[in-house]
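A short write-up of the structure that comes next.
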Amino acid sequence: MMAEYKKPLPVLEELSGEFYGWCKKGQLRFQRCSDCGAWRHMPREMCPECGSTTWDWQASSGRGKVFTWTVAERPLHPGFADAAPYAPVVVEMEEGVRVLTEIVDCAPADLKIDMPVEVVFEDATEEVTLPKFRSV
Amino acid sequence: MIDLKDRACIVGIGETAYCRKPGSGLSQLGLQLQAAKNAVDDAGLSLKDVDGIMPFPNLGVAEEFAANLGVENLRFATTVHTGGAAPVASLRIAAMAVCTGAANAVLIPAGWNGYSGARTRQTVSEDVSSLPGGKIARDYYLPFGLTAPPQWYSLMARRHMHEFGTTSEQLGAIAVAMRKHAQLNPNAVMHGKPMSLDEYLASPMITDPYRLFDCCLETDGAAAVVVTSAERARDLASKPVRLMGVASGQPYPADEIVNRKDIFETGLTIAAPEAFEAAGVAPKDIDFAEIYDCFTFEVLQQLEETGFCERGEGGAFVEGGRIELGGELPVNTHGGLLSEAHVLGMNHIVEAVKQLRGDAGDRQVTDAEIGLVTGWGDFGDGSVCILGK
């Protein structure tokens with residue numbers, strides 16, 4: 001069943017390997033600067049706030065709010081040919097960072113800005129687990 | 001800062017025919033060579049006079065242009081890697097080159113078989129190296145289905161609708177204005193195909209809130225300009241158009257569209273005040289604007305960030321014919337990427353030159369003296385040029 005997964009997947013190397021490695025363990029973690037305490041996403045080598053190269057992957061509360069979205073009615077990538085309509089959604093996390101994701105239990109037409117959501121983990125393949133969200 | 005105002009000019013413009021079916025019948029390079037040659041001829045220059053070439057990112061190599069065109073003395077070859085913002089941004093680099101003596105005459109070509117060749121939506125989703133954001137987009141956008149330009153930007157459009165009450169009808173007013181202008185332009189792909197607001201609203205949804213007619217055309221075609229110094233321009237037969245102020249900017253972060261503190265702040269937000277200051281004019285002095293219209297909302301957003309209206313007021317600004325010919329600020333007098341052709345925004349520069357030369361035919365803006373052209377690329381890179389007669 002898993003061999004049939006047709007959508008594009010992240011490449012599990014460098015910082016993406018670490019981010020998705022935590023997802024695989026069922027944990028949503030973001031980089032947090034060890035010097036100034038700033039959270040960051042997408043993953044970066046250096047803290048853009050203070051220049052520090054020291055960070056750790058700290059656990060997110062997993063909760064956030066819908067910030068914006070689009071409803072893809074016509075798929076523009078072969079991997080999503082059978083998926084439309086679907087909605088790539090931006091969620092603003094309690095930590096302040098935003099993630100691009102999908103809401104698993106809400107039809108695109110029912111999405112609302114500021115709708116509260118929480119993370120769920122979806123195994124795409126044996127190697128890759130994607131962080132998605134559900135309404136709360 | 002070194003003042004470049006009026007020290008460089010566009011002296012030549014060239015275009016090919018713009019088309020969809022059956023396609024240009026030329027290679028991507030061949031198409032651009034036609035436009036390039038037309039631009040050099042229009043300038044009254046010989047190809048031997050050209051010593052600078054600035055190809056569009058990923059669409060050509062300067063050495064290849066030079067070898068085909070007989071440009072034997074290529075001294076200046078570079079590319080600005082800001083997608084659709086590149087042609088206007090290249091004007092600035094070309095101005096710097098001709099004012100410092102790094103080059104005498106710089107050719108800036110752009111063009112592609114956007115209809116009969118590979119479509120943008122394919123290249124950006126299949127080739128990570130051509131994808132703005134590179135690995136970030138690959139690892140954090142594509143797996144969730146954010147795969148193509150209209151999807152990236154419609155995230156901003158929806159947020160704008162939420163914060164400021166911008167409506168589909170207002171986006172439609174932009175599409176309708178561009179289409180109206182295309183009826184006056186025989187080289188526009190949508191010439192002879194007028195469109196009403198109702199037809200716009202009835203067009204199928206591509207990526208909500210973007211309908212089909214919010215999206216630019218996919219066409220075959222090329223355009224090019226030649227830039228030289230004001231001094232050199234005086235000796236040429238063509239009517240020069242002055243570069244009064246040019247600037248570029250990038251949003252922060254430029255490689256990622258989701259985590260911006262201010263989601264509406266783009267490269268143009270930074271570039272526009274700089275260009276106006278350099279030119280010594282204000283938005284009220286602009287007679288017409290050619291705004292990079294990859295999608296309708298980007299026009300609205302750029303009108304705001306350029307300072308033609310306040311942020312949040314773009315929706316009201318585009319209504320009531322204000323951006324149509326005869327209105328307060330005619331926008332995309334050629335029909336733009338939405339209704340003339342998608343020539344990477346080089347067609348916007350060419351149109352501005354035609355307007356300032358008084359050569360725009362039925363769509364001529366009366367007494368056009370100062371025009372403004374923007375470029376928009378990748379995740380919101382911006383560029384803007386103010387041009388004078």
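Bear in mind that the values in this text are calculations on the coordinates, not laboratory data. This structure is a prediction, so every number in the text was calculated from the model and none was measured. Note that we place each Cβ from the backbone using ideal geometry, even for glycine, and neighbour counts take in every protein chain shown.
Could you list B:33, B:338, B:26 in order of exposure, starting from the residue whose Cβ has the fewest other Cβ atoms within 10 Å?
B:26, B:33, B:338
To check you understand DSSP bridge types, tell me what percent of the beta bridges within the protein assembly as shown (both residues inside) are antiparallel, rounded to 5.
The answer is about 85 percent antiparallel.
Sort B:98, A:136 so the one with the fewest other Cβ atoms within 10 Å of its own Cβ comes first.
A:136, B:98
I need the Kirkwood Rh of segment B:1-152: take the reciprocal of the average 1/r across all distinct C-alpha pairs and report it in angstrom.
This gives a value of 16.9 Å.
For segment B:234-311, which trypsin sites (Lys or Arg not before Pro) are in a loop by DSSP, counting at most 11 other Cβ atoms within 10 Å?
Within segment B:234-311, the qualifying trypsin sites (Lys or Arg not before Pro) (loop, at most 11 other Cβ atoms within 10 Å) are B:234, B:261.
Taking the convex hull of the alpha carbon atoms in segment A:10-135, what volume per residue do you get, in Å³?
112 Å³
Report the one residue of B:360, B:301, B:151 whose Cα lies farthest in the direction of the positive end of the charge dipole of chain B (charges on C-beta: Lys and Arg +1, Asp and Glu -1; origin at the Cα centre).
B:360
Identify all lysines with a Cα-Cα distance to residue B:354 below 26 Å; exclude those on the same chain that are fewer than 8 residues away in sequence.
List returned: B:5, B:37, B:48, B:180, B:193, B:239, B:284, B:389.
Which value, in debye to the nearest 20, gives the size of the charge dipole of the protein assembly as shown about its Cα centre, when Lys and Arg are +1 and Asp and Glu are -1 at the Cβ?
That gives a dipole near 480 debye.
Can you bin segment B:204-255 into rounded, prolate or oblate? Criterion: square roots of the alpha carbon gyration tensor eigenvalues sorted a ≥ b ≥ c, rounded for a/c under 1.5, prolate for a/b above b/c, oblate for the rest.
Since a/c reaches 1.5 but b/c is at least a/b, the shape of segment B:204-255 is classed as oblate.
For each of B:334, B:160, count neighbouring Cβ atoms within 10 Å of the residue's Cβ, then give the residues from fewest to most.
B:160, B:334
Please report the spacing between the Cα centers of segment B:1-41 and segment B:174-225 in Å, no decimals.
Segment B:1-41 and segment B:174-225 have Cα centres separated by 22 Å.
Please tell me the relative contact order of chain B in percent, rounded to the nearest whole number, where contacts are Cα pairs under 8 Å and at least six residues apart.
With pairs under 8 Å counted, the relative contact order is 26 percent.
If you average 1/r over all unlike Cα pairs in segment B:124-173 and invert the result, what Kirkwood radius do you get in angstrom?
It is 12.2 Å.
Once both axes come from the Cα atoms, what is the angle between helix B:296-306 and the longest principal axis of chain B, in degrees from 0 to 90, rounded to 10?
Result, in degrees: 70.
Please state the charge dipole magnitude for chain B, taken about the Cα centre, from unit charges on C-beta atoms (+1 on K and R, -1 on D and E), reported in debye and rounded to the nearest 20.
Roughly 520 debye for chain B.
Report the per residue volume, in Å³, of the convex hull enclosing the C-alpha atoms of segment B:295-376.
Per residue, the Cα convex hull of segment B:295-376 comes to 92 Å³.
State, to one decimal in nm², a quarter of the convex hull surface area for the C-alpha atoms of segment B:99-193, i.e. the direction-averaged projected area.
11.2 nm²
Nearest 10 degrees is fine. How inclined is helix A:14-24 to the longest principal axis of chain A, computing both from alpha carbons?
60 degrees
Starting from segment B:30-122, pick out the GluC sites (Glu not before Pro) whose DSSP state is loop and whose Cβ has at most 15 other Cβ atoms within 10 Å.
For GluC sites (Glu not before Pro) across segment B:30-122 that sit outside H, G, I, E and B with at most 15 neighbouring Cβ atoms in 10 Å, the list reads B:72.
Over chain B, with a single point scatterer placed on each C-alpha, what log10 of the ratio I(q)/I(0) does the Debye formula yield at q = 0.12 1/Å?
So the normalised log intensities are -0.85.
Which one of A:88, A:39, A:66 has its Cα pushed farthest toward the positive end of the charge dipole of segment A:10-135, where Lys and Arg give +1 and Asp and Glu give -1 at the Cβ?
Toward the positive end, the furthest listed residue is A:66.
Once both axes come from the Cα atoms, what is the angle between helix B:149-164 and the longest principal axis of chain B, in degrees from 0 to 90, rounded to 10?
That helix lies at roughly 60 degrees to the long axis.
Rounded, prolate or oblate for the protein assembly as shown? Axes are the square roots of the Cα gyration tensor eigenvalues, ordered a ≥ b ≥ c, and the cut-off for rounded is a/c under 1.5.
The shape class here is prolate.
So how many Lys-Lys pairs in segment A:10-135 land under 19 Å Cα to Cα, not counting same-chain pairs under 8 apart?
5
Could you work out the relative contact order of chain A? I mean the mean sequence separation of Cα pairs under 8 Å and 6+ apart, divided by the number of residues, in percent.
23 percent
On alpha-carbon atoms, Rg over Rh for segment B:175-235 using Kirkwood Rh?
Radius of gyration relative to Kirkwood radius: 1.21.
With all distinct Cα pairs included, what does the Kirkwood hydrodynamic radius of segment B:227-356 come out to in Å, to one decimal, could you say?
16.1 Å
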